[in-house]
């Protein structure tokens, strides 16, 4: 094995840099894989659903403004985050603030260095005025 060095009974790949291991002990139901509490944050959107927010954390929760969003409408806003690079992957999902499950779809429209555009789509049959809560997490890429 040309790209390995012995470290006892296992081998360490020399191409891995930084944090050499990502793992979770899946034997226990409390095992988790993700960001520590200090890497997470919250922010509340002011003024309207299209108002930009700033949260410089790798994971977080965005409480959107409760302005009306008509059925079939898509609204977009900017998440400013100095930790984002253009190569990162941003995941987002609806986590609360809604009266009926399945009334919204959230997705990331664009990722750039320092910001991302997040969109919310009202897939219900009516106009809704809810403070939708979104969770996001950044998968940092080199």
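Which is under 20 Å from residue 60 (Cα atoms) and in contact (Cβ under 8 Å) with a residue 40 or more places away in the chain, of 136, 104?
One residue alone meets the criteria, 136.
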When the residues of the range 64-84 are narrowed to those that are crowded, with 17+ Cβ neighbours inside 10 Å and over 12 Å from the mean Cα position of the chain (by Cα), which ends up nearest to residue 135 (Cα to Cα)? 64
Mind checking whether some residue in the range 75-89 is farther than 19 Å from residue 137 by Cα and either outside any strand (DSSP E or B) or in contact (Cβ under 8 Å) with a residue 24 or more places away in the chain (or both)? yes
For the range 48-63, the count of residues that are assigned to a loop (DSSP other than H, G, I, E, B), over 13 Å from the mean Cα position of the chain (by Cα), free of Cβ contacts under 8 Å to residues at least 40 places away in the same chain and crowded, with 19+ Cβ neighbours inside 10 Å equals 0
Can you name the residue in the range 100-123 that is in a loop (DSSP other than H, G, I, E, B) and in contact with a strand residue (DSSP E or B) (Cβ under 8 Å, 6 or more places away or on another chain) and, of all such residues, is farthest from residue 43 (Cα to Cα)? 123
Please determine, by comparing only the residues of the range 102-113 that are crowded, with 16+ Cβ neighbours inside 10 Å and more than 14 Å from the chain's Cα centre (by Cα), which one is nearest to residue 139 (Cα to Cα). 104
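Any read-out appearing in this document is the output of simple, stated calculations on the displayed coordinates, not a laboratory observation. Remember, predicted model here, so these are calculated numbers, not experimental data. Every residue, glycine among them, receives a Cβ derived from its backbone with ideal geometry; neighbour counts consider all protein chains shown.
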